[in-house]
1. Share of the chain's accessible area from carbon and sulfur, percent, 1.4 Å?
2. Under the rule a/c < 1.5 gives rounded, and otherwise a/b versus b/c splits prolate from oblate, where does the range 245-323 land using the Cα gyration tensor?
3. Using a 1.4 angstrom probe with every protein chain in place, what is the largest-first accessible-area order of R319, R142, R352?
4. Using a simple spin-label model with points 7 Å from Cα along the Cα→Cβ vector, what separation in nm is obtained for Y57 and E427?
5. Can you list the HN-Hα couplings for the range 301-312, worked out from phi with the Karplus curve (6.51, -1.76, 1.60; θ = phi - 60°), rounded to whole Hz and with x for Gly and Pro?
6. Taking the radius of gyration and the Kirkwood hydrodynamic radius from Cα positions alone, what is the Rg/Rh ratio for the chain, to two decimal places?
7. When we measure straight from the Cα of K454, which aspartates and glutamates land under 20 angstrom away, once same-chain ones fewer than 8 places off are left out?
8. Using the structure shown, list the pairs from K340/K439; K45/K450; K312/K439; K312/K431 with a Cα-Cα distance above 23 Å, or answer none.
Amino acid sequence: MKRTVPLSAAVAVTLAAGALFTAGTASARDLSGASHARRDLYGTKTPYAPQGRPGTYEKAPKGFTPVFTENVARHGSRAMTDGGDGATVLAALSKAQDQDELTDLGAELGPQVQSLLAAATKLGYGNLSARGADEHRQTALRMEQRLPGLFADIASRHEPIVVETSGVTRAVASANAFTGGLASGDPALAGLIEAPVTDKNLLYFHKQPQNADYQAYVKNDPDLAAVLAEIDGDPRTTEAARHVVSRLFRDDYAATLSDEEQVTFARALYQLYSAAPDLAVEAPDVDLTPYLTRRDAQWFAYLDDAEEFYQKGPAFSGRTITYRMAGVLLDDLLAQATAKATGASPNGAVLRFTHAEEIEPLAALMGLPGSTEPAEPGEPYAYGNNPWRGAEVSPMAANIQWDLFAGTPVEGQSATYLVRMLYNEKETAFKASCTPVAKNSHFYELDELKRCLKQD
């Protein structure tokens, strides 16, 4: 029997779907991170989960205490940027429904998509979700817990906490959630947190005029277009799309769809599937996992990862177009730490909030884990030959943190300063050309970082 849900009207309704939204609280699946068993299926839309564990961090060398901290963080989980994928999926479902060509599973999908789009419309496409705000609040509280002495000193010395963003709404909202977390953990910090300042050259550099060569690469580079076409054209793309379609549509209707139409539908559905966990609070009853098998979702996640890898990550061996522009961020990390060490800056912390388009290039430039291997000629990026994964390199609320420690000055000498880096809250070594203070230590002299990070 045909379902009575009027999917033919749904495409238009989704653009003004607030009436379909039913407020609710997060279900148990939500604030624990996309269930860890499925994290590899969501790519860069993966909700944040800290990678470090309390009580396991290396202690600073004797005589060293934290005097400054700084970070670069991606915005938290958000709504999808528009309703295009939802409209694509609903249009296909509506047409099949009119012909009584939906399977039982397919008949259940439409209302789920409507609810997801309604939640995104109510929140505002592209805006930070409740989950995203909580990701940043909790990250801030953990930062305080790791560095209690630092934040007590910041409060007692009345040192400014500087906040910088790309100016994009979700980045500003992430900054406010993060600083709200700091203030809730230590109310004495509230008056020291400065209003967010927009710096697009630093935190939205991929869109700025000085990086027109990068913009031309993404839009017109023949090597990029060729390799992505080769990856997308793998027979497994069509195979996965056909499998998705076969589970949702009856055979007669599926037979009317070209391979291109099936791929377009399946990829649009995957985009909704990967976005749904980010809206777990706003759409608590939406669960799109039944509509893509793990194998199919993993293939489409790979296709998305390939695009991210070549457009924002290590990309092609011998070319630096995708990440050299992140030098402005690396320079600023070094400059802010140096300014604190030399007494040129009174700041107790510098907090930056940005996007995947900045985090991924910075990770590649710094040689962070998972971002060290470009693709060799004739060997397109694949899960089997490269460790780069969007879910690990730049999940929602991904962050890179540097903590600056000052040593007790020796008579007649200036103080020594050490830096420890956390990547998604896990202690992380700098690139191999940088020498730590001791074998297997995560602490590096600031002067050593200024040497080794700027030599390439």
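1. Of all accessible area on the chain, carbon and sulfur atoms account for 52 percent.
2. Note, shape of the range 245-323 comes out oblate.
3. Output order, biggest surface exposure first: R319, R142, R352.
4. Between Y57 and E427, the label points sit 1.0 nm apart.
5. These are the phi-based 3J(HN,Hα) values: 5, 4, 4, 5, 4, 4, 5, 4, 4, 7, 8, 9 Hz.
6. On the way: Rg = 23.7 Å, Rh = 23.4 Å.
Ratio value, two decimals: 1.01.
7. Hits, sequence-local ones excluded: E70, D331, D332, E358, E360, E373, D403, E445.
8. Details: K340/K439 26 Å; K45/K450 33 Å; K312/K439 32 Å; K312/K431 19 Å.
Going by Cα-Cα distance, K340/K439; K45/K450; K312/K439 fall outside the 23 Å limit.
The values are calculated or read from the model by the stated rules, or taken from the named source; none is laboratory data. Note that this is a predicted model, so its numbers are computed, not measured. A quick note on method: Cβ atoms are made from the backbone with ideal geometry, for glycine too, and the neighbour counts reach across all protein chains shown. To get the accessible areas, we keep the full protein, side chains included, count just its heavy atoms, and leave off ligands, DNA and RNA. Shrake-Rupley method; radii C 1.70, N 1.55, O 1.52, S 1.80 Å.
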